[in-house]
Amino acid sequence: ETGVTQTPRHLVMGMTNKKSLKCEQHLGHNAMYWYKQSAKKPLELMFVYNFKEQTENNSVPSRFSPECPNSSHLFLHLHTLQPEDSALYLCASSPGGASGGVAKNIQYFGAGTRLSVL
Amino acid sequence: SQQGEEDPQALSIQEGENATMNCSYKTSINNLQWYRQNSGRGLVHLILIRSNEREKHSGRLRVTLDTSKKSSSLLITASRAADTASYFCATVSMDSSYKLIFGSGTRLLVRP
């Protein structure tokens, strides 16, 4: 257990569905991340939140909509996805903040949500 | 742009042998980290090396960093079947305090 929990673990959705991915961390961290991992491609950073504020949007299509209601929870709302959006979606957290040395950069990952878009 | 490139892309060794994976990157870094990922699961942090360090050890892991060549290597000694996984390097650049840029990874298979 890494202290980061993602639900659901698997999701199958049609292109017209609306669904949400959930991530919860119990580590007291201040930064949370969404990544996309497709087959044979490097991990792609999608969004970053620091202290609940979005600090990075890596040119992600608007059909992906993140939400961070507090420092412990992160959601990824999905609507009108395409088959090429099928991938493993990983959430991570890190201590973040201005102090703490390099340890603040270490990220802790959830087990991921395997998404299939039909 | 992609920061880290791992080499080789895939590696198959016999249990008990050593495994060496290499990573190259492009920009100045604050630190470099190695992560491990079992198939279809999340990544797990293994070890971090600062830009002013040249070598670091953790159990059977040894990491080296050559900032002049912008490269790092991960050595796993006396490998076990349970070491079978994908290994990724990730860099934190000098101008970012939080963002990790991951390489494409090395898939390691340790045969029993």
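Look through B:SER28, B:SER68, B:SER72 and report the one residue that is more than 14 Å from chain A (Cβ to nearest Cβ), surrounded by 19 or more Cβ atoms within 10 Å (Cβ to Cβ) and either hydroxyl-bearing (Ser, Thr, Tyr) or over 26 Å from A:ALA39 (Cα atoms) (or both).
B:SER72
Residue by residue through the stretch B:47-61, note down the ones that are of a type outside the set (Val, Ile, Thr), in contact with a Leu (Cβ under 7 Å, 6 or more places away or on another chain) and either farther than 26 Å from A:GLY3 by Cα or facing chain A (nearest Cβ under 10 Å) (or both).
B:GLU53, B:ARG54, listed by residue number.
Restricting to the stretch A:14-56, name every residue that is more than 26 Å from A:SER116 (Cβ to Cβ) and of a type outside the set (Ser, Thr, Tyr).
A:HIS26, A:LEU27, A:GLY28, A:HIS29, A:ASN30, A:ALA31, A:ASN50, A:PHE51, A:LYS52, A:GLU53, A:GLN54, A:GLU56 - these are the residues of the stretch A:14-56 that are more than 26 Å from A:SER116 (Cβ to Cβ) and of a type outside the set (Ser, Thr, Tyr).
Quick check on my filter: what residues within the stretch B:98-112 are touching a residue at least 40 places away in the same chain (Cβ under 8 Å) and either surrounded by fewer than 20 Cβ atoms within 10 Å (Cβ to Cβ) or not hydrophobic (A, V, I, L, M, F, W, C) (or both)?
B:GLY103, B:SER104, B:GLY105, B:THR106, B:ARG107, B:LEU109, B:ARG111, B:PRO112
Inspect all residues belonging to the stretch A:46-60 and state whether any of them is open to solvent by 50 Å² or more (accessible area, probe 1.4 Å) and over 18 Å from B:LYS99 (Cβ atoms).
The answer is no, given that none of the residues of the stretch A:46-60 is open to solvent by 50 Å² or more (accessible area, probe 1.4 Å) and over 18 Å from B:LYS99 (Cβ atoms).
Checking the condition away from chain B (no Cβ under 14 Å) and either in contact with a Gly (Cβ under 9 Å, 6 or more places away or on another chain) or closer than 29 Å to B:ILE47 by Cα (or both), which residue from A:VAL102, A:VAL60, A:VAL117 passes?
A:VAL117
Kindly list the number of the only condition in (1) modelled with pLDDT of 95 or more; (2) crowded, with 17+ Cβ neighbours inside 10 Å that fails for B:GLY59.
(2)
Search the stretch B:1-25 for residues being in contact with a Leu (Cβ under 7 Å, 6 or more places away or on another chain) and small (Gly, Ala, Ser), and hand back the single one that is surrounded by the most Cβ atoms within 10 Å (Cβ to Cβ).
B:ALA19
Looking only at residues that are within 10 Å of the chain's Cα centre (by Cα) and in a strand (DSSP E or B) in the stretch A:89-118, which one is nearest to A:PRO8 (Cα to Cα)?
A:THR113
The values are calculated or read from the model by the stated rules, or taken from the named source; none is laboratory data. Everything numeric here is computed off the predicted structure, so don't read it as measured data. Neighbour counts are summed over all protein chains in view; Cβ atoms, including those assigned to glycine, are modelled from backbone coordinates with ideal geometry. Areas reflect the complete protein model, heavy atoms only, side chains present, ligands, DNA and RNA absent. Shrake-Rupley method; radii C 1.70, N 1.55, O 1.52, S 1.80 Å.
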